[in-house]
Each structure stands twice: as C-alpha cells, then as structure tokens.
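The values are calculated or read from the model by the stated rules, or taken from the named source; none is laboratory data. The model shown is predicted, which means the values in this text are computed figures rather than measured ones. Here the Cβ positions follow ideal geometry from the backbone for every residue, glycine too, while neighbour counts run over all protein chains shown. Keep in mind that these areas ignore ligands, DNA and RNA; they rest on the heavy atoms of the full protein, side chains included. Shrake-Rupley method; radii C 1.70, N 1.55, O 1.52, S 1.80 Å.
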Amino acid sequence: MFTKTVLRTTSALALCATATAAFADGHAPTITIATVNNGDMIRMQGYTDQFTEETGINVEWVTLEENVLRQRVTTDITTEGGQFDIMTIGMYEAPIWGANGWLVPLDNLSEEYNVDDILPAMRAGLSHDGTLYAAPFYGESSMVMYRTDLMEAAGMEMPEAPTWDDIRAAAEAMDDPENGINGICLRGKPGWGEGGAFINVTANSFGARVVDENWVAQLDSPEWAEALNFYVDLMNDFGPDGYATNGFNENLSLFQQGLCGMWIDATVAASFVTNPDDSEVADSVGFALAPDNGLGVRSNWLWAWALAIPAGTQQADEALQFIEWATSADYIELVAENEGWANVPPGARQSLYDNPNYQEVPFAQMTLDSILSANPNEPTVDPVPYTGVQFMAIPEWAGFWTEVSQEFSNAYAGQQSIEDALANAQAIVNEAMESAGYQ
C-alpha cells in the first residue's frame, strides 16, 4: 500500500535503487519533522518505519505541545534556523508564510496523489493565490460531544443544532459535583490557538467581532461583554476547577475519564472519546453542531493541521515524499486496516466521506456538516475586513491575540474582573492595529 503511494512521486525503479543505495552506503538521508502532540500525529509516528523501509529515508520527530510548537516553528522559519525539513502548521500560517516565500510551494504533487480530492475548504485555507503551501494531515471544525447516558438520566435530549441556552441547560442537568462530574468542559488555556480560539468563535456567535470594517477594536462592545460573561458564568457554575489552564489535551483527558457531561472542541477528538481503548465512556457519546445564539453564526471553527516544507531545507525532495505518504488516501486506508475506520485522520479528503465504511462511523456526517458550516469569508454577524473564523488572517494576529487570551485567562482564574480583561484587550488590539498600519 505504501509502495503504491511513494511510487507516485518517482519511478519505481529509481526509488528502489535510491533506497537500496542509501542503505548500502550507510548514508541514508534523515528528515526532521516538527509536529504537535495530538493523538493522530502520535499515531502517524508509529507507522514511520514503513516509510523508512520503502524509501531509505529516516525520520526524526520533534513532538511538542501546541503552544510550544507554534513558537518553535515560527522562530525557526523567521530566523532561517533550518532545524526542520517538515513543519506541522495550520490554516493561519500556511497562506501568510507562503506569501512571504518561506515555504516550498506544493505545486508538483503527483497526479496519483489526487490533490483534487482534498476538501475545497481545506485547499483554500492552506493556499495563497491559488498555490497550495501545506498538505492537510487532518481537517477539523468544532462540535458538541456529550454523554448520552447522563442526558438520558436527566430526561433530556440534545438537539442536533443546539443554542447556547440549550448547552447551559444540559450542563446544569448533567453537573454532579458529588460524583466528580462537571456539567461542561471548555478551553481556558492562554494561547491564540488554545483558549483564544474558543472564546473568539463563542463571541462570533454572540454577534461580537474583534475589529470593525475600519480595523478599530470592538472588545468594548456589549456583544463581547455578553459573550465573556456568559462563558465565565457557565464555567464557574458547571465547569472544572482550574479551567483557566485547560486546553485540548487536558479536556480530552477529563472527558475520557468520564468527568465531563459535555465538551465542545475539535471534531478530530471524536475518534479518541469513542475509542474503548482510551475512553471510559466510549459507548455513551453523542454529537451535535456547535451552539449558536439565534443570530445565524455558529461557534465552530475551521482548521487543518498540515505538513509544509520550509524554503531553507536541503532535503525538499525527501520531505515531499513523506508528505505525499502521510497525507494520502493510502495512508488513511493503512490506518483503517490496522485500527478501524473510526481512527483514521478525518476532514481532509472527500473520498473518505464517500466511503461506505466511513459513513457508518457515528461522528462522520456531523464532522463534515460542521466543517462545511464554517465560513472563513463571513465569520461574524456584522462585516469584518479579514478572513478566518477563529483567527484574523494577518501576520500580527498570533502576537496580539495571545496577549488577549492571557487577559481572558486571568479573568477565568479570578485574577481580574471581566471588565478589566475586556478593557485591556481593547487596548492591546487597538495598539496592534495602529502599530501595523491598519488604522
């Protein structure tokens, strides 16, 4: 299976000759890959030996926590550090870095790789001016994951498209402090892609926006105050202690241990919370669209963790071979064959959702519906001058929204008031917009 994929990048004879020669002279090339410590990425590392056996290309992994990964790869590429041959990046970085000439364009992918099979939303989000700069390993939106047994015990049913009022009512019904069950678990951890991403899409659904059409900050608006007050009240009433430091992995662990009645987060988590090897509640998980507030915008994001080649690497050909292998339809089939269809990397290829085997996976259609409902061109109720759902697709975003997310986390932790957090956020955003010349 893997051989079939790799042969698409070069001829079979040339590849075998290269691999054989590499092993024979003891100078097999090694590529270094920076990646995030998410479950799908960890799983991929387990199959790396198969790639090496076929190509003679060794792989060294640098696996990092999400916030640390972003810092490391951003520093490396902006300083031309050259530490990595492949970087795991996302929809925020790919178009900006591609436009800056920091990434190798993926415009020579083989015909059999079938780049047209990649979901249009993923291709568009990882491209600049029509050129693809990163290949999606998996794509995601966000959705509600909830305990069906607890909802049934409470005499409630979760709507397929709930409102935030539905979510609060469900959290209250399932909250059971005496047995250690929190009604709801959500991100509060600082970081523009951690808690910063979640509160931004939540605010979108309340009619808030980060800036107006003239790039003037809107964090002092009634909509932002309503969104942040709702979130803090919800989590203080029914969330876990210390939620201000909880991100994706922390909440995943809580849910898998049966300590959350509900979790709203990345659709890619569905395979982990329904895997009986890892989750104590695997047979009692339901799914619903991320909630809205009756204003026509849901609180779900659009994202892809993708593999890209930094422009400074001396091993671009080897890196491209790995990317074709790891993001191919054949890799998906490899995981399905060994671990079941529920555990394949989701959200990247249309062929996966056309596959009858995958259509039987309980969260497959809800994941696709969530991805298709996120609109990066119109992410808010009122118009904005940027694209991106949980981020503004401008270079300055990562810096100033990380600061804003820290202000919010301080409020979650009770270290400052919500009013002070929003006032500080307003000043941070306006200063960033003015310094960058948007205002």
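Using C-alpha pairs below 8 Å separated by at least 6 residues, the relative contact order for segment 241-332 is 15 percent. Calculation over all alpha carbon pairs of segment 103-204 in 5 angstrom steps from 0 returns a P(r) of 2, 9, 15, 14, 13, 12, 10, 9, 7, 6, 3, 0 percent. Each principal axis of the Cα cloud of segment 335-439 was evaluated for its coordinate range; sorted largest first, these ranges are 52, 33, 24 Å. Can you tell me what share of the DSSP beta bridges in the chain is antiparallel? A percent to the nearest 5 is fine. In the chain, approximately 70 percent of DSSP beta bridges are antiparallel ones. The C-alpha radius of gyration of segment 173-258, expressed as a fraction of 2.2 N^0.38 Å, stands at 1.21. Annotation: average projected area of the chain is 20.4 square nanometres, based on the convex hull of Cα atoms across all directions. Label sites at Thr131 and Ala311, each approximated as a point 7 angstrom past Cα along Cα to Cβ, lie 0.9 nm apart. Using the Cβ of Gln416 as centre and a radius below 14 Å, the other residues enclosed give a net charge of -4, where K and R count +1 and D and E count -1.
Packing-based ranking of 264-272, 50-58, 400-408 yields 264-272, 400-408, 50-58, ordered from highest to lowest mean Cβ neighbour count within 10 Å. A viscosity of 1.567 mPa s and a temperature of 4 °C, combined with the Kirkwood radius over C-alpha pairs in the Stokes-Einstein formula, give segment 207-295 a diffusion coefficient of 85 µm²/s. Rounded if a/c is under 1.5, else prolate if a/b beats b/c, else oblate: with a ≥ b ≥ c from the C-alpha gyration tensor eigenvalues square-rooted, which is segment 294-372? Note, shape of segment 294-372 comes out oblate. Each peptide in 352-363, 422-433 gets a packing score, the mean of other Cβ atoms within 10 Å over its residues, and the list from highest to lowest is 422-433, 352-363. Placing unit charges on each Cβ (+1 for Lys and Arg, -1 for Asp and Glu) gives the chain a dipole about its Cα centre, and among Ala348, Ile418, Ile264 the Cα reaching farthest toward its positive end belongs to Ala348. One Cα centroid belongs to segment 156-219, the other to segment 223-284; the line between them spans 10 Å. What the Cα atoms of segment 73-161 give is an Rg and a Dmax of 19.1, 58 Å. Using the Cβ of Ser435 as centre and a radius below 14 Å, the other residues enclosed give a net charge of -4, where K and R count +1 and D and E count -1.
Round to a whole number: what % of the accessible area of segment 205-328 belongs to carbon and sulfur, probe 1.4 Å? So the carbon and sulfur contribution to the accessible surface is 41 percent. Compactness of segment 119-160 was expressed as the Cα radius of gyration divided by 2.2 N^0.38 Å, which yields 2.00. Each part reduced to its alpha carbon centroid, segment 287-352 and segment 81-133 end up 12 Å apart. This model, with +1 at the C-beta of Lys and Arg and -1 at the C-beta of Asp and Glu, gives segment 168-237 a dipole about its Cα centre of some 280 debye.
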